[in-house]
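Colleague: Please find one structure pasted underneath; my questions will follow.
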């Protein structure tokens, strides 16, 4: 699961101002650094997670949770999980995805107290969702600049 964009930008700004800025000695470079910080601070509250990413995550999570409920059958924990799934709002997509993430936590907590043999199908459903989510998260990453970063 991805970090909130706001937290990521706040961390970059903090690093630039607290760790990088003190070592920047020329006026031009300091000006460029302040310009980058200014752009980041202004972008922070204007960026939204792509709707399609949230929709894909929510659809996958809902399917996994439905499989968990079906796999548990009449177990009392199936009712808790079904209620958490039903409580997830229909939209906006970011809120639905967040609610379904919380429902997955509820499912994992419920499965934790049950025998492994009884929960194998449910655990598989959640594992498949999480594996697919990792791939969705990685697909949006840009190529690394570590080679350029290490050269300085």
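Taken together, the values in this text are just the output of simple stated rules run on the coordinates, not laboratory data. From a predicted model like this one, the values you see are computed outputs, not experimental measurements.
Colleague: With angles folded into 0 to 90 degrees, how steeply does helix 27-44 sit against the dominant principal axis of the chain? Use alpha carbons for both and round to 10.
Modeller: Around 30 degrees separate the two axes.
Colleague: Would you please calculate the Kirkwood hydrodynamic radius of the range 5-47 over all C-alpha pairs and express it in Å, rounded to one decimal? Intermediate values should be presented prior to the final figure.
Modeller: Numbers: mean 1/r = 0.0943 Å⁻¹.
Every distinct Cα pair counted, the radius reaches 10.6 Å.
Colleague: Find, to one decimal place in angstroms, the Kirkwood hydrodynamic radius of the range 26-80, where the mean of 1/r is taken over every pair of different Cα atoms and then inverted.
Modeller: Values: mean 1/r = 0.0652 Å⁻¹.
Across the range 26-80, the inverse of the average 1/r is 15.3 Å.
Colleague: Another question, then. Report, in degrees rounded to the nearest 10, the 0 to 90 angle that the Cα long axis of helix 76-87 makes with the longest principal axis of the chain.
Modeller: Long axis of 76-87 versus the principal axis of the chain: about 50 degrees.
Colleague: Among 56, 94, 35, determine the one that fluctuates most according to a GNM of the chain built with springs between C-alpha atoms less than 10 Å apart.
Modeller: Fluctuation is largest for 35.
Colleague: Right, here's the next one. For the chain, set up a GNM with springs between Cα atoms under 10 Å and report which of 60, 19, 77 has the largest fluctuation.
Modeller: 19
Colleague: If you line up the long axis of helix 93-112 against the longest principal axis of the chain, both from Cα atoms, how many degrees apart are they, to the nearest 10?
Modeller: With both axes taken from Cα atoms, the answer is about 50 degrees.
Colleague: How are the C-alpha pair distances of the range 51-139 spread across 5 Å bins, as whole percents from the shortest bin up?
Modeller: 3, 16, 28, 24, 16, 9, 3, 0
Colleague: If you don't mind, there's one more thing I want to ask. Candidates (i) 10, 29, 24, 17, 13, 6, 1; (ii) 11, 39, 33, 14, 4, 0; (iii) 8, 17, 22, 21, 16, 9, 4, 2, 0; which is the computed P(r) over Cα pairs in 10 Å bins from 0, in percent?
Modeller: Computed from the coordinates, P(r) over Cα pairs in 10 Å bins from 0, in percent corresponds to (i).
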